[in-house]
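Colleague: Structure incoming, see below.
The values are calculated or read from the model by the stated rules, or taken from the named source; none is laboratory data. None of the values given here were measured: they were computed from a predicted structure. So basically every Cβ, Gly included, is an ideal-geometry build from the backbone, and we count neighbours across all protein chains shown. Ligands, DNA and RNA are stripped out before the accessible areas are found, and what is left, the full protein with its side chains, is counted by its heavy atoms. Shrake-Rupley method; radii C 1.70, N 1.55, O 1.52, S 1.80 Å.
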Amino acid sequence: MSISERGQLKIFFSYAESSGKTKAMLRAGSVAKERGADVLVGYIAPHVSGDTLSLTEGLKVLPTVNQNGTEEFDLDGALRLHPDLILIDELAHKNAPGCRHKRRFQDVEELLNSGINVYTTVNVGNIESIHDIVSSITGFTAWDRIPDSVFDNADQVELIDVEPQELMEHLREMGTGYSEMTLEQLTAMREIAFRRCADRVRLIAGRFGDHTIFHTDEHILACLSSAPSNARIIRTAARMARAFNSRFTALFVETPDFEAVSEENKKRLRDNTKLAQQLGATTQTVYGEDVAYQIAEFARVAGITKIVLGQSAVTKRHFFGKPPLTEQLLSYAPEIDIHIIPDHSADPAYRSQHLRSGLDLSVDTNILRSVGILLAATLLGLLFYRLGFTGANIIMVYILGVLLVSLSTSNKIYSLISSIAGVLLYNYLFTTPRFSLRAYETGYPITFVVMFISAYVTGTLATRYKEQTSQSAKIAQRIKILFDTDRLLSKAKDRNDIINSTAEQIEKLLGRDIVMFDNLDGKISEPHFFSPEAGERYNTEKETAAAQWVLTNNTMAGATTDTHSEAKYLYLALRVSDRVYGVIGINAENSPLDASEHTILLSILGE
């Protein structure tokens, strides 16, 4: 087989452990050897029985490598030997830290790209989209998982079936983690395995000669968030999209206060976005304050027919709050089906954590500004009082003060506190009796209420306007960078002009260190840095290994990915189709790229 040809993947699939997947794989490997193929046993799980291990006799076995105290598959050794066929157990296995890839299915992908055929094993619980269903049946949640696309795109899937009663007796003899499962649980798992194989067959049947897939008119939309329960919503939407053979989109609405959320929630959002992409979704980001309106408008433009939401979107949290998201969506887009996914495992502390996150930003500075503005408003009010101005004029001074507090601080809480403080100061200093919180005139309570509401509403609107202005400026700046890049590249005279213009625009966009490599006949060149500090901070050995892998495999790697994840830079290929012209690295050590930065970065690289 030519190394340039992609290898073929065959998966031996079953609904539980000890059902004979590994035995079937080894027997198939022996048959392939008898037919003249060069067969290598790459990895067999250490817990397999002795009669299973005996099937490796007569086959070449690749020694494992010790990685941080764990025996792992030797990917580089397999690539050096380059057999016709390699047998690798447990496709969904999570590799030990220090391995090139975080997951074994990524090792297998590299083997396939090098032209090596692979036989491997998968359990039904290892498939991402049905993880929630299998976990609810078995009670096991710690499944290592593979993206559905790996299973669906395999060249062959062989279902290893065994009667549940027979398997249950065997499991109890073995004393494995499945030994306590009931006949009903095993039967349910078996049914899921059959259905998943049927879904794959139906998906393959919908493919035409040009590898396109027939889609129905359905278009499924999952709403992305940083909620702990969002992964369940994404998996459910993916199963719906597969059932309908339809398009699948995952949408995140970025509101003006998104910058204030905690790093933990931002990381969870990135994980949920990555999960949606693994399950075949096209991810999109829109901007606006009214989440329901943005979802409805996107749904209209994109031709969405079904929206999938979590149960938390249904519950109204307080009496005077907005209607639930579902009610708002029904009013904005009544023609679209809305599916509510219950999740009893949702984290009740998530909402309060989100609200607290904005209070950590420059607290001391915000307090000093608020106190200073209220003090200035009080001094001006005392001056007006001495000059004989009416109470209405002094009230307006405090409302102006709350407005200034809102514009100069970073959180709405300061508007609320300033509004309360303004009412109390006015009551204490300017109502009869003075220097007391009592008020004799019957109309004063109404005055205080109106003053508080006016001050708070004015301050809230000012804060909201400031956030929207900041968000609009960020979007405009990124669009300008994209247009400027197109203009600069169209004027470039040679390769160096292209490289320098691209690096300059990316540095403007991201504000991070940039490194570039040329393609020198399949090898990366010396790194090109665009700031002296970048060269001083660069760890050549780890980083160049990641950059070389990207050049060879035409796939991103490095920081925030599952390949060469110990690198500090995120590396992407500069390419046109399958031809790679070079590699660019972006420093992502301290913070990963957000969704909008990543989208515009890919647009620049495409130019």
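Colleague: Considering only residues that are part of a helix (DSSP H, G or I) and under 16 Å from M516 (Cα atoms), look in the stretch 548-564 and name the one that is nearest to the chain's Cα centre (by Cα).
Modeller: Filtering first and then ranking leaves V550.
Colleague: Can you pull out the residues in the stretch 117-140 that are open to solvent by 10 Å² or more (accessible area, probe 1.4 Å) and among the small types (G, A, S)?
Modeller: Within the stretch 117-140, S135, S136, G139 meet the criteria.
Colleague: Do you know which residues across the stretch 240-255 are surrounded by fewer than 20 Cβ atoms within 10 Å (Cβ to Cβ) and part of a helix (DSSP H, G or I)?
Modeller: M240, A243, F244 - these are the residues of the stretch 240-255 that are surrounded by fewer than 20 Cβ atoms within 10 Å (Cβ to Cβ) and part of a helix (DSSP H, G or I).
Colleague: Which residues, counting only those in the stretch 272-306, are among the small types (G, A, S) and farther than 25 Å from D217 by Cβ?
Modeller: G288
Colleague: Within the stretch 426-448, count every residue that is at pLDDT below 80, assigned to a helix (DSSP H, G or I) and open to solvent by less than 80 Å² (accessible area, probe 1.4 Å).
Modeller: Final tally of qualifying residues: 4.
Colleague: Considering only the stretch 371-389, I want to know if a residue exists there that is at pLDDT below 85, open to solvent by 50 Å² or more (accessible area, probe 1.4 Å), hydrophobic (A, V, I, L, M, F, W, C) and touching a helix residue (DSSP H, G or I) at 6+ places or on another chain (Cβ under 9 Å).
Modeller: No, the conditions are met nowhere in the stretch 371-389.
Colleague: On the given criteria, is L81 farther than 14 Å from T22 by Cα, over 32 Å from the mean Cα position of the chain (by Cα) and not aromatic (F, W, Y)?
Modeller: It is true that L81 is farther than 14 Å from T22 by Cα, over 32 Å from the mean Cα position of the chain (by Cα) and not aromatic (F, W, Y).
Colleague: Quick test for you: out of I584, I604, pick the one residue that is surrounded by 17 or more Cβ atoms within 10 Å (Cβ to Cβ) and part of a helix (DSSP H, G or I).
Modeller: I604
Colleague: Check the stretch 122-129 and report whether any residue there is more than 22 Å from the chain's Cα centre (by Cα) and of a type in the set (V, I, T).
Modeller: Within the stretch 122-129, one or more residues are more than 22 Å from the chain's Cα centre (by Cα) and of a type in the set (V, I, T).
Colleague: Could you identify the single residue in S470, S419 that is part of a helix (DSSP H, G or I), at pLDDT 75 or above and closer than 19 Å to T409 by Cα?
Modeller: S419
Colleague: Out of the residues in the stretch 478-514 that are of a type in the set (S, T, N, Q) and loosely packed, with under 12 Cβ neighbours inside 10 Å, state the one that is nearest to K412 (Cα to Cα).
Modeller: In this case the residue turns out to be S490.
Colleague: Can you report the number of residues in the stretch 565-581 which are touching a Lys or Arg at 6+ places or on another chain (Cβ under 9 Å), part of a loop (DSSP other than H, G, I, E, B) and either under 14 Å from G511 (Cβ atoms) or open to solvent by 80 Å² or more (accessible area, probe 1.4 Å) (or both)?
Modeller: Matching residues across the stretch 565-581 total 1.
Colleague: Can T555 be described as β-branched (V, I, T) and touching a residue at least 12 places away in the same chain (Cβ under 8 Å)?
Modeller: For T555, the condition - β-branched (V, I, T) and touching a residue at least 12 places away in the same chain (Cβ under 8 Å) - is met.
Colleague: Now for a separate question. Can you name the residue in the stretch 130-150 that is under 17 Å from N230 (Cα atoms) and part of a helix (DSSP H, G or I) and, of all such residues, is farthest from the chain's Cα centre (by Cα)?
Modeller: Result: S136.
Colleague: State all residues of the stretch 101-136 that are touching a helix residue (DSSP H, G or I) at 6+ places or on another chain (Cβ under 7 Å), of a type outside the set (D, E) and over 19 Å from A37 (Cα atoms); if no residue qualifies, say none.
Modeller: H101, F105, T121, V122, V124, G125, I127, S129, I130, H131, I133, V134
Colleague: Please list, ordered by residue number, the helices (runs of 4 or more DSSP H) wholly in the stretch 2-116 having 1 or more residues that are open to solvent by less than 20 Å² (accessible area, probe 1.4 Å), of a type in the set (A, V, I, L, M, F, W, C) and more than 30 Å from K568 (Cβ to Cβ).
Modeller: So the answer is 21-34.
Colleague: To continue, here is another question. Determine which member of the set T236, T212, T216 is more than 15 Å from I304 (Cβ to Cβ) and modelled with pLDDT under 85.
Modeller: Criteria check complete, one pass: T212.
Colleague: Separate question: For the stretch 141-178, what are the residues that are open to solvent by 50 Å² or more (accessible area, probe 1.4 Å) and within 18 Å of H47 (Cα to Cα)?
Modeller: A142, D144, H170, R172, E173, M174, G175, G177
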